[in-house]
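Heads up: the structure comes next, in structure tokens.
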Amino acid sequence: MNHTLVFLGPSLPVTKARAVLPDACYVPPIRRGDLISVLKESPAIVGIVDGQFLHSLAVSPREIFAALEAGVIVLGAASMGALRAVEMSRYGMIGVGTIFRWFRDARLVAEDELAVTYDPDTGAALSDALVNMRDAYARAVAEKVICNETRRTLIRLASSLYFPDRTYEATLRLAERQVSRAELNRLRLWLQRGAPDLKADDTLRLLRLARRLSMPTDEQSR
């Protein structure tokens with residue numbers, strides 16, 4: 001079987017993923033053993049976005065190496081995929097997106113930056129990723145919604161929360177004694193209009209690359 005398989009969970013709804021790469025097979029966040037199992041189906045491309053790590057063992061570099069040795073194109077982005085791509089790019093895994101680059105370049109080092117809780121039935125995130133907050137607050141500074149000092153305060157407060165409890169609203173509540181009400185209200189309105197979602201953006205980048213790589217060689221060069 002020659003197809004594309006994507007391990008996807010809270011980083012992007014499957015409905016949005018299918019709009020970009022409709023013919024792929026989408027499966028839940030990867031855990032140890034999953035990649036070896038799917039190799040029996042001989043996928044041409046495997047995209048790793050989300051992965052399990054708390055209640056299940058995470059996918060290992062050894063499994064990814066086995067897939068690469070079998071000739072599978074392995075892409076990683078946004079979450080667990082970005083972390084493993086940093087480790088395995090020297091062996092041929094392809095890292096995609098801003099989050100991958102930030103970890104590769106050691107701008108970020110804590111895996112906690114990517115962690116969220118999610119509904120196992122729907123895949124919807126129940127908390128917010130710290131890496132998304134970093135990106136959103138930086139954009140809010142650029143758009144003069146908040147000042148840089150407020151950005152630093154919000155990141156510090158968000159970092160202090162255990163990842164299942166980390167949400168924009170929880171962080172803003174903690175900031176109420178340290179940041180002016182007017183500034184927090186501006187930020188709330190700005191976020192309500194559509195908070196930036198870096199993990200989703202990077203996932204879409206992976207899907208677009210997978211789509212190009214799945215095309216015949218002559219079409220890829222057009």
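The values are calculated or read from the model by the stated rules, or taken from the named source; none is laboratory data. Quick caveat: nothing in here was measured; it's all calculated off a predicted structure. Methodologically, a virtual Cβ is constructed for each residue, glycine included, from the backbone with ideal geometry; neighbour enumeration extends over all protein chains shown.
Some observations on this one:
- Across the range 25-53, the qualifying residues are those that are of a type in the set (A, V, I, L, M, F, W, C) and in contact (Cβ under 8 Å) with a residue 60 or more places away in the chain, and the one among them that is farthest from residue 125 (Cα to Cα) is 44.
- Residue count for the range 62-79, restricted to those that are touching a helix residue (DSSP H, G or I) at 6+ places or on another chain (Cβ under 8 Å) and free of Cβ contacts under 8 Å to residues at least 60 places away in the same chain: 9.
- Checking residue 97 against (1) on the phi > 0 side of the Ramachandran plot; (2) exposed (fewer than 15 other Cβ atoms within 10 Å of the Cβ), the condition it does not meet: (2)
- Filter result (in a loop (DSSP other than H, G, I, E, B), among the polar types (S, T, N, Q) and either in contact with a Gly (Cβ under 6 Å, 6 or more places away or on another chain) or surrounded by fewer than 22 Cβ atoms within 10 Å (Cβ to Cβ) (or both)) within the range 1-44: 2, 42
- Condition met for residue 86 (among the β-branched types (Val, Ile, Thr), in a loop (DSSP other than H, G, I, E, B) and assigned by TED's automatic domain parsing to the domain that holds residue 204): no
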